[in-house]
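One structure below.
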Amino acid sequence: MMQNKQNIYQIQSQYYSRSYISNYIFWSNLISNNRQLLYFIFYFFLITSVLILLDHSNVSWTWRSLHPTFYAIYPAPSCCLPGVIHFRQTYTQVIDYLNSIECHKNYAIDTAFDDLPKRANLQTYLVEPNLVHHIGLYSRLRKMYINPYLLD
């Protein structure tokens, strides 16, 4: 019985030493043969991490879209609401407000939605990255000299 255990230990130690040596050889060959590739990977991750730490918008939105836990939530500015979600407790206020207003040429529906938090004392939040497509862009830019279809 003791002899079998010693044989098993010897086989295991030989296996681990061989795997250690083969891993060492693999990594040393990889490093020596692909030094330019390793420099590229290192600098790629270095630059990407610096941009993320500086909160560069193009990079931060990309990694924020990987999982909902990475989303950023801020108090929303009162401009250009791309999407609005209301809680069950406030949707009656929203319906009553929308039924009480009248939209016309200079007062579009997205402008009315923009005025709603001020009139109903609601708190608005902005989620990054943007999760919806902005359909009210044209009415927001109507008075400006910018073609809104170029920005969409």
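The values are calculated or read from the model by the stated rules, or taken from the named source; none is laboratory data. Worth saying up front: this structure is predicted, and the values here are computed from it rather than measured. Please note: Cβ atoms are built from the backbone with ideal geometry, for glycine as well, and neighbour counts cover all protein chains shown.
The table below gives the values:
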| item | result |
| --- | --- |
| Qualifying residue in the stretch 96-105 (condition: modelled with pLDDT under 80 and out of contact with any Asp or Glu (no Cβ under 9 Å at 6 or more places or on another chain)) | no |
| Unmet requirement for residue 91, which otherwise passes all of (1) surrounded by 15 or more Cβ atoms within 10 Å (Cβ to Cβ); (2) within 29 Å of the chain's Cα centre (by Cα); (3) not hydrophobic (A, V, I, L, M, F, W, C) | (1) |
| Residue match in the stretch 33-53 (condition: in a helix (DSSP H, G or I), modelled with pLDDT under 75 and among the small types (Gly, Ala, Ser)) | no |
| Filter result for residue 17 (out of contact with any strand residue (DSSP E or B) (no Cβ under 7 Å at 6 or more places or on another chain), at pLDDT 70 or above, over 29 Å from residue 111 (Cα atoms) and of a type outside the set (A, V, I, L, M)) | no |
| Single residue of the stretch 27-53 satisfying the filter (surrounded by 11 or more Cβ atoms within 10 Å (Cβ to Cβ) and not aliphatic (A, V, I, L, M)) that is farthest from residue 64 (Cα to Cα) | 34 |
| Close pairs from the stretch 111-138: first farther than 15 Å from residue 65 by Cα, partner of a type in the set (Ser, Thr, Tyr) and at pLDDT below 75, Cβ under 8 Å, at least 6 apart | 111/139; 114/78; 117/78; 118/78; 124/78; 138/149 |
